[in-house]
Amino acid sequence: MRSSELRVLVDYHYWATRRVLAAAQGLTDDELRQVSGGTTRDLRQTLVHALDVEWSWRERLRGLPQAAWESDLSPDDYPNVAALSERWARDEAEMRAWIDGLSDAELAAPPSVRGEIGAPLWFYVMH
């Protein structure tokens, strides 16, 4: 996958993320924190988890030490959708800056991440 193609997918990802956050903005705090059947997380916890995974994997793939990315983001730090949206916007800027600095060759090579399956870097970014 070329970097230009990855950027199109990243554009779509953040477009969809903004739509989800906009829809969540219309919920009351009680609705945002209501656990539905079939899961142990409420919507706020689920959104924080999605942000956490995106952030921590990027930091891991960038080669930062485990201490920099191993702790989970806490839903308590994001009491509402506005706080979560603000953090996600910063994360999006960081993701785009990192991707913009990657060459096609770097995207095609497996990252030097211990214990992974040897897939190309773009695979992990899109996962």
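Of the residues making up the range 80-127, those that are part of a loop (DSSP other than H, G, I, E, B), farther than 30 Å from residue 34 by Cβ and not small (Gly, Ala, Ser) are 102, 110, 111, 113, 114, 116, 117, 120. For the range 56-70, the count of residues that are of a type outside the set (A, V, I, L, M, F, W, C), surrounded by 12 or more Cβ atoms within 10 Å (Cβ to Cβ), under 23 Å from residue 27 (Cβ atoms) and without any contact (Cβ under 8 Å) to a residue 60 or more places away in the chain is zero. Selection of the range 88-127 for residues being under 16 Å from the mean Cα position of the chain (by Cα) and basic (Lys, Arg) yields 90, 96.
Within the range 9-48, the set of residues being of a type in the set (Asp, Glu) and closer than 18 Å to residue 73 by Cα comprises just one member, 42.
Residue 23 satisfies every condition listed in (1) modelled with pLDDT of 95 or more; (2) closer than 30 Å to residue 120 by Cβ except (2). If only residues of the range 71-88 that are surrounded by 14 or more Cβ atoms within 10 Å (Cβ to Cβ) and free of Cβ contacts under 8 Å to residues at least 40 places away in the same chain are counted, the one that is farthest from residue 41 (Cα to Cα) is 87. Scanning the range 18-55 for residues that are touching a residue at least 40 places away in the same chain (Cβ under 8 Å) and either over 14 Å from the mean Cα position of the chain (by Cα) or outside any helix (DSSP H, G or I) (or both) yields 24, 25, 27, 29, 32, 44.
The values are calculated or read from the model by the stated rules, or taken from the named source; none is laboratory data. Quick caveat, the model's predicted, so the values are computed rather than measured. Here the Cβ is made from the backbone with ideal geometry for all residues, glycine too, and neighbour counts use every protein chain on show.
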